[in-house]
Amino acid sequence: MAVSDTMAPEAKEHADRIGEADLVVALPSCQSGESLDAAIGVLRPALPDFLPNQRIVILHPDTATNSIEVTAEQAGSDASFHLFPYQMSAVGRYQEQSLYEDLRSLLQVGKTLGARTYVMMGSETSPGGLRGLAEPVLNEGYDLAVPLYSHRKFDSLINSGIVYPLTRAMYGARLHYPMATDLALSAKLAQLFLQPAGAPAQNPSSWITTKAVCAGLQLCEVYRDFAPAPSVFEPTDLSVSLAEVLGTLFAGLERDAAFWQKVRGSRAIRAFGRPAPVPAETASADVHEMIETFQRGCKDLLEIWAMALSPVTLLDLKRLSKLPVNSFHLADGVWVHVIYDFILGYRQRVISREHLLRSMTPIYLAWVASYALEVQNASPAAVENRAERLCIAFEDLKPYLLSQWRWPDRFNP
Amino acid sequence: MWNQVQLALNESTTRVVTGFAKLLPGLVAFLVAILISVLIASVLGFLLRRSLRSINFDAKLSGWELSGLSEISPARSPTLLVSRFVYWCVILVGALIGIAAFDATLTEQMMMRVFGYFPNFLVAVILVLLGNVIARFLARGVLIGAVNMNLSYGRLLSLGVKWLVIVLTSAMALEHLGIGGKIVDLAFAILFGGIVLALALAVGLGSKDLVTRSLENQTIQRNEKTEEQFRHL
């Protein structure tokens with residue numbers, strides 16, 4: 001098998017010793033022996049009850065092997081539970097390269113063991129989280145299960161403002177966290193991911209979630225508690241994170257253009273479990289500095305924005321920069337046009353892509369400021385409605401993107 | 001007396017006519033060479049333009065992070081820049097061939113000097129072009145970074161970076177052309193050293209507090225304040 005051929009001989013020997021498995025779980029965040037000890041200590045007693053009669057293999061980074069000899073031996077004595085050290089790096093959210101490499105490791109090992117279900121626990125290691133993700137794939141026949149986190153109104157803002165509404169409008173599936181690093185996959189999706197077209201050794205140009213949507217596979221969401229806090233492996237500079245997220249997202253759109261151009265509207269995805277209650281918050285948002293950054297951007301980056309944005313959108317942004325804080329509001333239509341124009345600019349390479357994506361930070365901050373002012377005193381239900389309105393705006397304006405994508409030279413006022 | 005004047009006039013007329021007759025083939029050859037070179041240059045330019053457009057040269061160049069080149073190109077198209085460069089090179093060669101038709105020894109010397117100088121000229125042109133592209137790229141990167149950090153002097157910083165690179169590459173180009181000799185080196189050293197000294201003095205003395213305060217405000221406090229309330233990832 002081409003895939004297992006790429007495994008190191010020791011790993012292959014280890015896989016031969018284990019034989020077969022039903023479920024392979026990757027824990028890339030356990031980079032140290034202590035963290036692995038803690039995770040195994042919680043998972044091992046709970047899993048037989050949660051997932052009875054399943055042969056489970058836990059794939060963990062090989063950097064964590066030395067300090068868990070005792071645990072490994074104990075685990076090894078149980079025929080249905082095995083540890084498998086393998087080369088893995090910690091997965092930062094939205095850092096698609098590390099997730100892609102770890103997914104490849106997971107799927108290679110899982111395929112060698114003939115696994116039916118693969119679970120990537122990129123950020124959390126709780127038995128409840130593992131069970132919640134694995135069950136729909138193991139028992140309900142789904143190909144991909146992703147978490148649906150409850151989130152505070154000012155959490156995961158890049159996801160709420162760009163990633164979710166855009167992927168929903170483009171791919172037609174209401175997957176709330178398309179860039180989640182906790183995932184459960186079926187053997188069918190693993191096979192698709194490992195196909196040569198899925199390109200081992202190539203940079204990922206779209207996420208496994210969008211790949212699954214494009215392939216017409218069965219997807220579901222699983223309610224989880226609040227999204228985990230950013231790990232130490234994630235960049236702290238907002239413009240770097242934003243450029244990374246948008247770069248992967250836009251590259252995926254370029255790659256999947258043949259698919260999303262045919263999609264109209266969006267469909268709901270079945271969600272398992274119950275949502276965690278979101279506490280009502282009414283803290284006032286301090287948006288002055290964000291607005292200031294946007295105003296500075298309007299002064300200094302206008303020439304760069306003009307290469308991507310249409311004149312009308314540019315004019316709207318100029319008007320917005322002159323508004324006082326209490327009436328600062330970025331309309332959904334303008335925001336959607338900004339995103340769509342940047343997608344087109346990215347595609348046409350109007351300037352260096354890195355520069356283009358990083359230059360979007362002040363406009364993104366303007367959106368955050370506007371959104372924060374709007375929902376700072378809103379109830380969780382009102383916040384949900386607000387998010388839904390934004391998604392609908394993305395869907396309604398999709399024909400604009402389609403038209404400019406197909407005919408870039410068409411007059412665009 | 002009159003006969004001698006007539007003879008002198010005849011001789012001078014003969015000399016002028018003979019000289020002109022000698023020059024005429026050269027002139028015609030020059031015009032023909034120019035005409036042929038214009039023809040070849042037009043065909044070559046056209047073919048080059050067609051083939052570069054067929055391989056989507058402009059987009060590919062942007063993909064190689066050389067979008068700065070399009071900014072200095074006519075109609076923002078590097079394809080046009082390349083084809084026009086080739087066009088004028090062919091015409092230049094045609095002109096040299098044409099000049100060679102007048103006087104072989106004179107033009108041989110001129111050709112030797114021109115072709116001897118040509119590599120230096122080419123390197124200088126490449127240096128200026130490359131410097132321009134790098135300067136614009138770096139300036140834009142600095143400007144975007146500065147705005148994202150909410151620095152008020154982003155444009156100034158970007159302009160400074162741009163001109164530093166342009167001055168550096170221009171000095172290098174002039175050195176390759178052999179123009180100015182040591183004056184360029186000296187002027188460049190004084191200019192560059194002066195800028196660095198001025199910046200050091202500004203940061204070290206006059207603007208010490210301002211810079212410290214600014215950096216603290218822009219990085220630490222801003223991150224603390226906004227990161228607590230807003231989580232972007």
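Would you confirm whether any residue within region B:114-133 is at the interface with chain A (Cβ under 8 Å from one of its Cβ atoms), surrounded by 16 or more Cβ atoms within 10 Å (Cβ to Cβ), in a helix (DSSP H, G or I) and in contact (Cβ under 8 Å) with a residue 60 or more places away in the chain?
no
So if I check each of A:350, A:325, which one is more than 14 Å from chain B (Cβ to nearest Cβ) and aliphatic (A, V, I, L, M)?
Being more than 14 Å from chain B (Cβ to nearest Cβ) and aliphatic (A, V, I, L, M) holds for just one of A:350, A:325, which is A:325.
Could you check, for region A:288-302, whether at least one of its residues is in contact with a Ser or Thr (Cβ under 7 Å, 6 or more places away or on another chain), surrounded by fewer than 19 Cβ atoms within 10 Å (Cβ to Cβ), within 9 Å of chain B (Cβ to nearest Cβ) and not aliphatic (A, V, I, L, M)?
Yes; the residues of region A:288-302 include at least one that is in contact with a Ser or Thr (Cβ under 7 Å, 6 or more places away or on another chain), surrounded by fewer than 19 Cβ atoms within 10 Å (Cβ to Cβ), within 9 Å of chain B (Cβ to nearest Cβ) and not aliphatic (A, V, I, L, M).
What residue, among those in region B:42-62 that are farther than 13 Å from residue B:85 by Cα and among the charged types (D, E, K, R), is surrounded by the most Cβ atoms within 10 Å (Cβ to Cβ)?
Checked region B:42-62; the qualifying residue surrounded by the most Cβ atoms within 10 Å (Cβ to Cβ) is B:58.
Among the residues of region A:99-140, write down those that are acidic (Asp, Glu) and in contact (Cβ under 8 Å) with a residue 24 or more places away in the chain.
Answer for region A:99-140, where residues must be acidic (Asp, Glu) and in contact (Cβ under 8 Å) with a residue 24 or more places away in the chain: A:102, A:124, A:135, A:140.
Of everything in region A:308-327, what is buried (at least 19 other Cβ atoms within 10 Å of the Cβ) and within 21 Å of residue B:149 (Cα to Cα)? Give them in sequence order.
Correct list: A:317, A:320.
Can you tell me which of A:274, A:267, A:255 is under 17 Å from residue A:150 (Cα atoms) and of a type in the set (Lys, Arg)?
A:274 is the lone residue from the list that is under 17 Å from residue A:150 (Cα atoms) and of a type in the set (Lys, Arg).
Working carefully through the options A:306, A:268, find the one that is among the small types (Gly, Ala, Ser) and more than 23 Å from residue A:345 (Cβ to Cβ).
A:268
With respect to the numbered conditions (1) in contact with a Ser or Thr (Cβ under 9 Å, 6 or more places away or on another chain); (2) surrounded by fewer than 21 Cβ atoms within 10 Å (Cβ to Cβ); (3) touching a residue at least 12 places away in the same chain (Cβ under 8 Å), which one is the sole condition not fulfilled by residue A:283?
(1)
Within 25 Å of residue A:156 (Cα to Cα) and assigned to a loop (DSSP other than H, G, I, E, B): which single residue out of A:372, A:366, A:382, A:378 fits that description?
The unique qualifying residue is A:378.
Just checking, does region B:139-150 include any residue being in contact with a helix residue (DSSP H, G or I) (Cβ under 8 Å, 6 or more places away or on another chain) and outside any helix (DSSP H, G or I)?
yes
Which one of the conditions (1) in contact with a Ser or Thr (Cβ under 6 Å, 6 or more places away or on another chain); (2) away from chain B (no Cβ under 14 Å); (3) not hydrophobic (A, V, I, L, M, F, W, C) does residue A:274 fail to meet, given that it meets all the rest?
It fails just one condition, (1).
Which ones in region B:72-101 are under 30 Å from residue B:112 (Cα atoms) and not in a helix (DSSP H, G or I)?
B:101
Just give me the residues in region A:78-134 being buried (at least 24 other Cβ atoms within 10 Å of the Cβ), at pLDDT below 85 and among the β-branched types (Val, Ile, Thr), in sequence order.
A:91
Does region A:160-174 contain any residue that is in a strand (DSSP E or B) and under 18 Å from the mean Cα position of the chain (by Cα)?
Yes, the conditions are met somewhere in region A:160-174.
The values are calculated or read from the model by the stated rules, or taken from the named source; none is laboratory data. Model, not experiment: these values are computed from the prediction. Note that each Cβ is placed from the backbone with ideal geometry, even for glycine, and that neighbours are counted across all protein chains shown.
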